[in-house]
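Reading through the structure tokens given below for one structure.
The values are calculated or read from the model by the stated rules, or taken from the named source; none is laboratory data. None of the values given here were measured: they were computed from a predicted structure. Glycine gets a Cβ as well: all are built from the backbone with ideal geometry, and neighbour counts include every protein chain shown. Surface areas here come from the heavy atoms of the whole protein model, side chains and all, with no ligands, DNA or RNA. Shrake-Rupley method; radii C 1.70, N 1.55, O 1.52, S 1.80 Å.
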Amino acid sequence: MMPLKPQDNLISLSQFLIEEQLKLPYATGGFTALMSHLLYAAKIVSREVRKAGLLDNILGATQKENVQGETVMKLDDYADRIFTNALTICGHLCVMASEEQEEIIPIPEGYKCGKYTIAIDPLDGSSNIDSNVSIGTIFSIHRRLDIEAKTPGTKADLLQVGHKQRCAGYIVYGSSTMLVLSTGNGVVGFTLDPSCGEFLLSHPNMVMPETGNIYSVNEGNYNYWSPEFQNYVKHIKSLEDGKPKTARYIGSLVADFHRNLLKGGIFLYPNDTKSNKYPDGKLRLLYEVAPMAFIAEQAGGMAVTVKGERILDLTPTQLHQRSTMIVGSKKEVEQFLKFI
Ligand code: AHM
Ligand code: MG
């Protein structure tokens, strides 16, 4: 037999999930099956993202507006359909929510209701699609409130506090397609090998550096910020701590977060105190802010609101509720807290 080369000894995501499941005596395999439906949809979306420029029916905006009044790009629409179709019939969800749909998404008639809920942003950073910049998918999984129930899930099942997430993750469609996830036991990263169509373990233990030199914020909004927030940004650009931080802002949360997770730094999306456009910040708590906060904490980082509240202690009251988010390396977020 041929000896195994190091590159042949890779762990696929399916194998990883089964091994994790075997460590839990009470696990039924439902979560593993749910994840395999999610991965299947992610691979299809990744394939479409990869050829986006070739198909003129995928790039560009549709005539539709989503629930936040923003133009829906065609690829957003497509990704929403793929994830919704793959997940609602998997037999392990009781209800679902998507950034692209105003109301909760029920399980179609004739399919089983399971014990999990998922909230998803099918294609985040959609304003970047046409410019060939990295975009991503973000998801957050909870157990339903009554895990014995076999009835359809409700909005209350989705509106749960952030620290009770059973799993949070994102897929970044970047120079490679990567899945980063946490089930509450650290953070792991898998890279899609397009030749075999599998996500392979590439980042077994992702830890966010305790400090970092990068700050990521849309500084064009400077005049809309509170004086405290302006002072913080002025400080990190000043020479008071020796040298200024480096600005890096893609405008695609998944890509900005992923870079800061690897290299260390701080990402900030504050509220707009002047124009009333985003009085609570722009990002959505359920399927953008809470899952990123979960991953950040699991990687040793921190995530708070502009008021300094721990994001994972927030309980959403609405599906599309917005929240401010300051997330990143522990010491950088702690330094931010001194300014508020
Ligand atoms: P989207 O869900 O409509 O794509 O919007 C969310 C995106 C995030 O990916 C990103 O961090 C943010 O919007 C950028 O906003 P801005 O253009 O205001 O800086
Ligand atoms: Mg989004």
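For residues that are open to solvent by 50 Å² or more (accessible area, probe 1.4 Å), closer than 19 Å to residue 282 by Cα and of a type in the set (D, E, K, R), tally how many sit in the stretch 104-129.
Total satisfying the criteria: 0.
If you check residue 238 against the conditions, is it within 16 Å of ligand 2 (Cβ to nearest atom) and either outside the structural domain of residue 296 (by TED's automatic domain parsing) or of a type in the set (S, T, N, Q) (or both)?
no
For the stretch 247-285, which positions are more than 23 Å from residue 297 (Cα to Cα) and of a type outside the set (Asp, Glu)?
If we filter the stretch 247-285 for residues that are more than 23 Å from residue 297 (Cα to Cα), which is where we start, we get 272-279.
Selection gives 273, 274, 275, 276, 277, 278, 279.
I'd like to check something: does the stretch 130-141 contain any residue that is assigned to a loop (DSSP other than H, G, I, E, B), open to solvent by 10 Å² or more (accessible area, probe 1.4 Å), within 16 Å of ligand 1 (Cβ to nearest atom) and β-branched (Val, Ile, Thr)? Break it down into steps so the answer makes sense when it comes.
Filtering the stretch 130-141 for residues assigned to a loop (DSSP other than H, G, I, E, B) gives 132-134.
Remaining after also requiring open to solvent by 10 Å² or more (accessible area, probe 1.4 Å): 132-134.
The next check asks that each one be within 16 Å of ligand 1 (Cβ to nearest atom); those that pass are 132-134.
Now drop any that are not β-branched (Val, Ile, Thr), which leaves 133.
Scanning the stretch 130-141 turns up at least one residue that is assigned to a loop (DSSP other than H, G, I, E, B), open to solvent by 10 Å² or more (accessible area, probe 1.4 Å), within 16 Å of ligand 1 (Cβ to nearest atom) and β-branched (Val, Ile, Thr).
Write out, first by first residue and then by second, each pair whose Cβ atoms fall under 8 Å of each other, whose residues are 6+ apart or on separate chains, and whose first residue, in the stretch 308-325, is within 16 Å of residue 164 (Cβ to Cβ) and at pLDDT 95 or above while the second is open to solvent by 80 Å² or more (accessible area, probe 1.4 Å) and part of a helix (DSSP H, G or I).
Listed by first residue and then by second, the contacts come to 312/163; 313/163.
Counting only residues that are within 15 Å of residue 16 (Cα to Cα), open to solvent by 40 Å² or more (accessible area, probe 1.4 Å) and not in a helix (DSSP H, G or I), how many does the stretch 28-41 have?
Total satisfying the criteria: 0.
Counting just the residues of the stretch 237-249 that are open to solvent by 70 Å² or more (accessible area, probe 1.4 Å) and outside any helix (DSSP H, G or I), which one comes out nearest to ligand 1 (Cβ to nearest atom)?
In this case the residue turns out to be 249.
Every residue, every condition in (1) away from ligand 1 (no atom under 16 Å from the Cβ); (2) surrounded by 20 or more Cβ atoms within 10 Å (Cβ to Cβ), yes or no:
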site	(1), (2)
177	yes, yes
184	yes, no
195	yes, no
198	yes, no
208	yes, yes
215	no, yes
218	no, no
229	no, yes
235	yes, no
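Looking at this structure, is residue 149 in the same structural domain as residue 12 (by TED's automatic domain parsing), aliphatic (A, V, I, L, M) and open to solvent by less than 30 Å² (accessible area, probe 1.4 Å)?
So residue 149 passes the test.
Which one of 286, 262, 312 is within 30 Å of residue 177 (Cβ to Cβ), in a helix (DSSP H, G or I) and within 16 Å of ligand 2 (Cβ to nearest atom)?
Just a single option satisfies the conditions, and that option is 286.
For residues that are at pLDDT below 95 and not in a strand (DSSP E or B), tally how many sit in the stretch 185-203.
Count: 5.
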